[in-house]
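The values are calculated or read from the model by the stated rules, or taken from the named source; none is laboratory data. Just so it is clear, the structure is predicted and the values come from calculations on it, not from any experiment. We place every Cβ from the backbone using ideal geometry, glycine too, and count neighbours over all the protein chains shown.
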Amino acid sequence: MSTQTAAARLPQVLSRRSWRPGKIASRTLFYVLVAIFILVSLFPFYWMVITSLKSANELSNGTTGLFLHHPTFSAYTSIFSKYNFAQPLINSAIVCLSVTVLSVFIGALAGYGLARTRMRFKTGILGFILIVSFFPLIAIVGPMLIAYNKLHLLNTLQGLIIAYFIYTLPIATWLLTNFFSQIPAALEEAAIVDGATRLQALRKVIVPVALPGVFTATILSFILAWNDFLFALSFIQTDNKATAPLAIVNIGHSQYHVFYNLIDAAVVIVTIPVALLVIFAQRRIISGLTAGALK
């Protein structure tokens with residue numbers, strides 16, 4: 001067989017090898033498993049959505065089908081008109097945005113200092129910060145209640161901001177420290193030689209390079225504060241100061257009946273901001289969480 005004939009048949013041989021039956025079966029099984037995983041993961045949210053679009057009469061009659069026959073938005077209008085759900089959403093937005101700005105700002109300063117300062121036991125300090133971020137929240141509620149009572153911070157958004165700030169700052173600091181450690185120190189040293197201060201070098205040189213880490217810390221801080229229920233339940237006492245997760249507890253309940261369509265409508269509204277944030281920023285989250293894994 002000539003060299004030209006062998007070269008001409010090479011693409012056909014490679015094509016047959018790449019599409020051999022065993023490989024086709026493994027790929028098919030992989031995609032089937034991925035599809036099953038996606039369906040199982042999305043089914044609870046799908047169930048909440050279709051339940052929120054059903055009327056109270058339809059639910060009371062025991063209609064629990066997987067498909068909608070007469071969708072209605074009455075549950076969504078009811079939670080805003082009857083339960084004033086807009087106020088808890090505003091409270092959550094104020095608290096979460098404030099906590100996110102504070103956590104990222106203070107976390108960036110602390111992370112930059114830890115990344116650039118030579119000190120003993122730095123690994124132990126970072127490990128302690130990471131452990132604190134996973135510390136059980138219920139263990140600190142009691143002492144904080146005593147302190148908040150003396151400082152008159154109970155039933156205030158300011159007290160909730162402080163509690164969430166304590167909750168989100170360690171993880172933001174740990175993420176940003178690891179991210180800043182991957183950036184060569186020569187970058188800010190060149191800026192300092194040109195006349196910039198340390199803070200100017202951090203703001204104009206380091207932060208733009210570390211944007212994936214900053215985005216990750218921002219998104220995680222917002223999600224942790226937005227989804228929290230324990231601190232809001234412990235420190236908030238009136239409905240006008242309640243956050244969205246806490247307000248859901250008082251929605252859809254009567255003396256003899258539970259209106260699941262109202263509850264699920266509120267849950268869908270609370271879930272939408274987080275879902276959109278993750279969908280549009282998933283690349284930033286992945287790049288931020290995997291930064292430093294490979295060099």
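Test Leu153 against the criterion of being part of a helix (DSSP H, G or I) and modelled with pLDDT of 90 or more, and give yes or no. Break it down stepwise before answering.
Working: part of a helix (DSSP H, G or I): no; modelled with pLDDT of 90 or more: yes.
Taking the combined requirement at face value, the residue does not satisfy it.
Listed here are the residues, each with its yes/no results for (1) in a helix (DSSP H, G or I); (2) more than 25 Å from the chain's Cα centre (by Cα); (3) of a type in the set (Lys, Arg); (4) surrounded by fewer than 18 Cβ atoms within 10 Å (Cβ to Cβ).
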| site | (1), (2), (3), (4) |
| --- | --- |
| Thr77 | yes, yes, no, yes |
| Asn84 | no, yes, no, yes |
| Leu97 | yes, no, no, yes |
| Ala110 | yes, no, no, no |
| Pro143 | yes, yes, no, yes |
| Ile161 | yes, no, no, no |
| Ala172 | yes, no, no, no |
| Residues in region 1-59 that are more than 25 Å from Thr271 (Cβ to Cβ), β-branched (Val, Ile, Thr) and at pLDDT 70 or above: how many? | 3
| said: Pairs needed: first member in region 103-127, touching a residue at least 40 places away in the same chain (Cβ under 8 Å); second member anywhere, not in a helix (DSSP H, G or I); C-beta distance under 7 Å; at least 6 residues apart or different chains. | reply: Arg116/Ala185
| query | Can you tell which of Ala225, Ala242 is assigned by TED's automatic domain parsing to the domain that holds Leu137, touching a Cys at 6+ places or on another chain (Cβ under 7 Å), surrounded by 17 or more Cβ atoms within 10 Å (Cβ to Cβ) and not aromatic (Phe, Trp, Tyr)? | reply | Ala225
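Being in the same structural domain as Thr238 (by TED's automatic domain parsing), among the aliphatic types (A, V, I, L, M), surrounded by 11 or more Cβ atoms within 10 Å (Cβ to Cβ) and outside any loop (DSSP other than H, G, I, E, B): is that true of Val49 here? Walk me through it before giving the result.
On the way: in the same structural domain as Thr238 (by TED's automatic domain parsing): no; among the aliphatic types (A, V, I, L, M): yes; surrounded by 11 or more Cβ atoms within 10 Å (Cβ to Cβ): yes; outside any loop (DSSP other than H, G, I, E, B): yes.
Criteria not met by Val49.
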| task | Sort out which residues of region 112-141 are of a type outside the set (Gly, Ala, Ser), surrounded by 12 or more Cβ atoms within 10 Å (Cβ to Cβ) and not in a loop (DSSP other than H, G, I, E, B), and write them in order of number. | result | Tyr112, Leu114, Arg116, Lys122, Ile125, Leu126, Phe128, Ile129, Leu130, Val132, Ile140, Val141
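Would you check if Ile251 is closer than 24 Å to Leu89 by Cβ and not in a helix (DSSP H, G or I)?
On the way: closer than 24 Å to Leu89 by Cβ: yes; not in a helix (DSSP H, G or I): yes.
Taking the combined requirement at face value, the residue satisfies it.
If I ask for residues that are of a type in the set (Val, Ile, Thr), surrounded by fewer than 16 Cβ atoms within 10 Å (Cβ to Cβ) and in contact (Cβ under 8 Å) with a residue 12 or more places away in the chain, which ones from region 174-208 would you list?
Step one: filter region 174-208 for residues of a type in the set (Val, Ile, Thr), giving 177, 183, 192-193, 197, 205-207.
From the residues that got through so far, the ones that are surrounded by fewer than 16 Cβ atoms within 10 Å (Cβ to Cβ) too are 192-193, 197.
Answer for region 174-208, where residues must be of a type in the set (Val, Ile, Thr), surrounded by fewer than 16 Cβ atoms within 10 Å (Cβ to Cβ) and in contact (Cβ under 8 Å) with a residue 12 or more places away in the chain: there is none.
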| Given the structure, is Asn91 more than 22 Å from the chain's Cα centre (by Cα) and either free of Cβ contacts under 8 Å to residues at least 24 places away in the same chain or within 25 Å of Asn250 (Cβ to Cβ) (or both)? | no
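Of Phe180, Phe215, Phe222, which residue is touching a Lys or Arg at 6+ places or on another chain (Cβ under 6 Å), closer than 24 Å to Gly113 by Cα and either outside any loop (DSSP other than H, G, I, E, B) or at pLDDT 90 or above (or both)?
Values: Phe180 fails: touching a Lys or Arg at 6+ places or on another chain (Cβ under 6 Å); Phe222 fails: touching a Lys or Arg at 6+ places or on another chain (Cβ under 6 Å).
That would be Phe215, the only listed residue that is touching a Lys or Arg at 6+ places or on another chain (Cβ under 6 Å), closer than 24 Å to Gly113 by Cα and either outside any loop (DSSP other than H, G, I, E, B) or at pLDDT 90 or above (or both).
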